[in-house]
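A short write-up of the structure that comes next.
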Amino acid sequence: MQQEAAIREPLILGNKSYKDITDDVVGPIQGAAPLGWKVMITISSMVAFYGVGCILYLIGTGIGVWGLNKTVGWAWDITNFVWWVGIGHAGTLISAVLLLFRQKWRMAINRSAEAMTIFAVIMAAVFPGIHMGRIWVSYWVLPLPNQFGSLWVNFNSPLLWDVFAISTYFSVSLVFWYIGLIPDFATIRDRMTKPLQKKIYSILSFGWSGRAKNWTRFEEVSLVLAGIATPLVFSVHSIVSMDFATSVIPGWHTTIFPPYFVSGAVFSGFAMVQTLLLIMRKAMHLENYIHTKHVEYMNIVIIVTGSIVGVAYLTELFISWYSGVEYESYAFINRFSGPYSLSYWAMMTCNVISPQLFWIKKIRRSLVATFILSIVVNIGMWFERYVIILTSLHRDYVPSSWSEFNATSIDVGIFIGTLGIFFTLFLLFARFFPVLALNELKTILKSSGEEQKRLQADAKSNTNA
Amino acid sequence: MESTKKVFHVMYDDDDKLMAAAQALVAKGIRIKDVYSPFPVHGIDPVIGIKRTRLAIASFMYAMTGTSLALLGMWYFMIQDWPMNIGGKPSFSLIENLPAFVPVTFEFTVLCGAHGMAITYLLRNGTLPGMPASNPDPRTTDDKFVMEILTDENDMDAAGLESAVKETDVMEVSIKEYAA
C-alpha cells in the first residue's frame with residue numbers, strides 16, 4: 001500500500017469506510033429531491049427558457065437584433081464564447097494534467113469539474129453557431145463536397161482550426177468523463193431497488209462488472225486519455241487566441257496571446273469550479289470530501305494563473321508603447337482612458353488585484369472569501385474578453401468608421417440564458433449522477449483518509465517506542 | 001475427480017486481505033480465474049496472471065491514422081483540388097503550407113487516437129449500452145472483493161479448494177455448480 005507523509009493534510013476527513021463513500025454519494029441520488037434543488041432548478045430552467053426564446057428570436061429575425069454594427073462585428077457573442085470555453089478548461093486541467101502529476105486531491109473534484117467543462121463547452125458552441133446568422137447552414141464549416149465545384153473550407157484560417165479544436169475538445173472530454181462514470185454507474189445500479197431506476201442505471205453502466213482485466217484497461221485508458229487531453233487543452237485555447245492574434249487589428253495581433261489566453265482560461269475555470277463546488281459541497285453534505293485543503297489548492301492555482309494573466313496585461317501595455325507602432329499604442333491608451341475604460345479598470349481590479357489577496361493564508365483558506373473572490377474573478381474574466389474584443393474593434397484604421405457598441409436586451413438575454421442552461425444542466429448532473437469519482441476516491445482512502453492516517457501514525461510511533 | 005464443475009466465489013472485505021489471500025493461494029498452485037472489485041486493486045494483475053493491456057499501442061496506431069488522414073485531406077483540399085492564392089500566400093505545395101496545417105493535423109490526431117481507443121476499450125471490455133452485468137454479487141461494486149476460482153481450471157478437487165480458501169482471511173464463500 002502506498003504511504004503518505006503524516007504531515008500532509010488528509011484528503012478525506014472523518015472515519016470513512018469504502019461503504020461510507022458509496023453511501024455519501026449514492027444516498028442523495030436514491031432519496032427524494034431536496035426543496036432547495038427544486039427551487040434552484042425551477043429558477044434556472046426559467047432563465048434557460050428565456051434564453052432559448054431570445055436565441056429563437058435572433059435566429060428568426062437576424063443578428064441585427066444584437067447591438068453589432070459594421071465596425072463592431074464581434075462583441076458580446078464572441079466574448080461569451082471565449083468566456084465559456086475558458087471556463088471549460090479547468091475541468092480538463094483537473095482531470096488530465098493533475099492526473100499526470102498524480103495529484104490525489106483532484107479525485108474529489110474531477111467529476112464535477114469535468115461535467116462543468118462539458119456544459120460550458122456546449123454553451124460556448126452556441127455563440128459561434130448563432131453568430132453565423134444562418135445556423136441551418138452551419139454544416140458549411142465542414143469540408144464536405146458541394147455543388148460549387150467543390151469549393152473547400154480554408155484550412156489556413158484559425159476560425160476553421162477552432163471548429164476542429166472545439167469539436168475535438170468537446171467530444172474527447174465527453175468520452176473521458178463517461179469512461180470514468182461507467183464504474184460509478186455500476187455502483188448505483190447495484191444499489192438501486194426500484195426497477196425503473198435500476199434499468200436506467202443498468203443501461204448507463206454498460207454492463208460494467210469490475211473484473212481485474214477491466215480495471216487494468218480502465219487505468220490505461222484514463223492515463224492515455226489524460227496524456228492526450230493535456231496538449232489538447234493547451235491547443236484549444238491557443239487556437240481560440242489565434243482567432244485574434246492572426247488578424248491585423250491593433251490590440252489583437254500580439255504573439256503573447258496563446259499562453260496569455262491559456263492561463264486566463266485556467267484562471268477563470270478554477271474560479272467557476274470554486275463557485276459551483278462551494279455550493280455543492282454544502283447542499284449535498286460533501287464537506288468531508290471537498291474541504292478547506294482542496295479549496296486552498298485551487299486558490300493556489302488561481303494565484304499562479306492570475307499572476308500570469310497580470311504579467312501578460314502589463315507586458316501588452318509596455319510592448320504597445322515600446323513597439324513604436326502608433327496604432328498599437330493608441331489601442332491601449334484608448335483601452336484605459338477611452339469610452340470603455342470602465343470595463344478595462346474592472347478587468348484590472350478583478351483579475352490582477354483581487355486574486356493577490358490569496359497570498360494571505362487566512363483568505364486562501366476561508367470559504368466565504370473564496371466564494372466571493374471566485375465570482376469577482378468570473379466577472380473580471382468576462383470583462384477581459386469584452387475589453388480585448390470591443391476596444392480593439394470600435395476604433396478602425398479609418399476614423400470615419402469609428403463606432404460604439406451598445407448591448408441590446410437580446411445580447412443580455414442570450415448571455416443570461418446560457419447561464420440558465422448551464423446551471424440547469426449542472427443541477428441535473430448533481431441530482432442524478434455520481435458527483436464524486438467513487439472508484440478513484442476509494443483508492444486513496446487508505447493513504448489519505450483522516451482516520452487511516454491517524455492509525456498509521458499511531459502504528460509508527462508504537463514501533464519507534 | 002468429481003464429474004460436476006464448480007465455481008467458487010470467495011469474498012473479502014478489504015483489498016489488502018484479498019491481495020494476501022491471492023498471493024497465498026497462487027503460491028499453492030491454485031489458479032484464480034478473475035477478481036471483481038469496486039476499484040482497481042493495484043498489484044493484483046501479476047499475481048493472478050493478467051498481462052499488460054495493449055490499448056495504448058492501439059491508441060498510437062489510431063492517432064497515426066488520424067495524422068495521415070488529416071494531412072492527406074488538407075493536401076487534397078488545399079493543394080491538389082482547388083489551390084488558392086490567399087493574401088499573397090499561395091498554396092501550391094504541402095511542405096510550404098505545412099505550418100498552417102499543424103493545428104488541424106494535431107486536433108485530428110487527438111480525435112482519432114482518443115475515440116479509437118475509447119471504442120476499442122468498450123468493445124474489448126464488453127461494456128456497451130444494454131449489456132448485462134456479470135459481477136457475481138452486487139456488493140462487489142460497493143465495498144467487497146470477490147475472487148472467482150473454477151474447479152475445472154485446477155488440479156485440486158472442490159473439497160481441497162474449499163479448505164485452502166478457508167485458510168485465508170475470507171468473509172464469505174459461495175460454491176455453485178455450473179454446466180460446462
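The values are calculated or read from the model by the stated rules, or taken from the named source; none is laboratory data. Small disclaimer: the values here were computed from a predicted structure and weren't measured. As a convention, Cβ positions derive from the backbone with ideal geometry for all residues, glycine included, and neighbour counts pool all protein chains shown.
Taking region A:244-262 as the search range and keeping residues that are part of a helix (DSSP H, G or I) and buried (at least 22 other Cβ atoms within 10 Å of the Cβ), which one is farthest from the other protein chains (Cβ to nearest Cβ)?
Just the residues of region A:244-262 that are part of a helix (DSSP H, G or I), to begin with: A:244-245, A:257-262.
In the following step, the residues that additionally are buried (at least 22 other Cβ atoms within 10 Å of the Cβ) were identified as A:244, A:257, A:260-262.
Working: A:Phe244: 15, A:Phe257: 14, A:Tyr260: 18, A:Phe261: 14, A:Val262: 14 Å.
Going through the qualifying residues, I end up with A:Tyr260.
Looking across region B:106-124, the residues that are within 18 Å of A:Pro183 (Cβ to Cβ) and surrounded by 22 or more Cβ atoms within 10 Å (Cβ to Cβ) come down to B:Met117, B:Ala118, B:Tyr121. When you scan region A:11-26, do you find a residue that is more than 27 Å from the chain's Cα centre (by Cα), of a type in the set (Lys, Arg) and in a helix (DSSP H, G or I), even just one? The answer is yes; a qualifying residue exists.
When B:Ile57, B:Ile86, B:Ile79 are checked against the criterion of being within 11 Å of another protein chain (Cβ to nearest Cβ), crowded, with 17+ Cβ neighbours inside 10 Å and either free of Cβ contacts under 8 Å to residues at least 60 places away in the same chain or not small (Gly, Ala, Ser) (or both), a single residue qualifies: B:Ile79.
Going by what's in this entry, would A:Ser202 be described as out of contact with any helix residue (DSSP H, G or I) (no Cβ under 6 Å at 6 or more places or on another chain), closer than 20 Å to B:Asp142 by Cα and surrounded by 21 or more Cβ atoms within 10 Å (Cβ to Cβ)? It is false that A:Ser202 is out of contact with any helix residue (DSSP H, G or I) (no Cβ under 6 Å at 6 or more places or on another chain), closer than 20 Å to B:Asp142 by Cα and surrounded by 21 or more Cβ atoms within 10 Å (Cβ to Cβ). Can you name the residue in region B:137-169 that is modelled with pLDDT of 85 or more and either of a type in the set (Val, Ile, Thr) or in a helix (DSSP H, G or I) (or both) and is also farthest from B:Phe39 (Cα to Cα) among such residues? Once the filter is applied, the top-ranked residue is B:Ile149. Looking only at region B:93-106, decide whether some residue is among the aliphatic types (A, V, I, L, M), at the interface with another protein chain (Cβ under 7 Å from one of its Cβ atoms) and within 28 Å of B:Lys6 (Cα to Cα). Scanning region B:93-106 turns up no residue that is among the aliphatic types (A, V, I, L, M), at the interface with another protein chain (Cβ under 7 Å from one of its Cβ atoms) and within 28 Å of B:Lys6 (Cα to Cα). Of all the listed residues (A:Ser392, A:Ser448), the sole one being under 24 Å from A:Asp243 (Cα atoms), of a type in the set (Gly, Ala, Ser) and crowded, with 16+ Cβ neighbours inside 10 Å is A:Ser392. Note on region A:329-349: residues that are assigned to a helix (DSSP H, G or I), in contact (Cβ under 8 Å) with a residue 60 or more places away in the chain and under 31 Å from the mean Cα position of the chain (by Cα) amount to 4.
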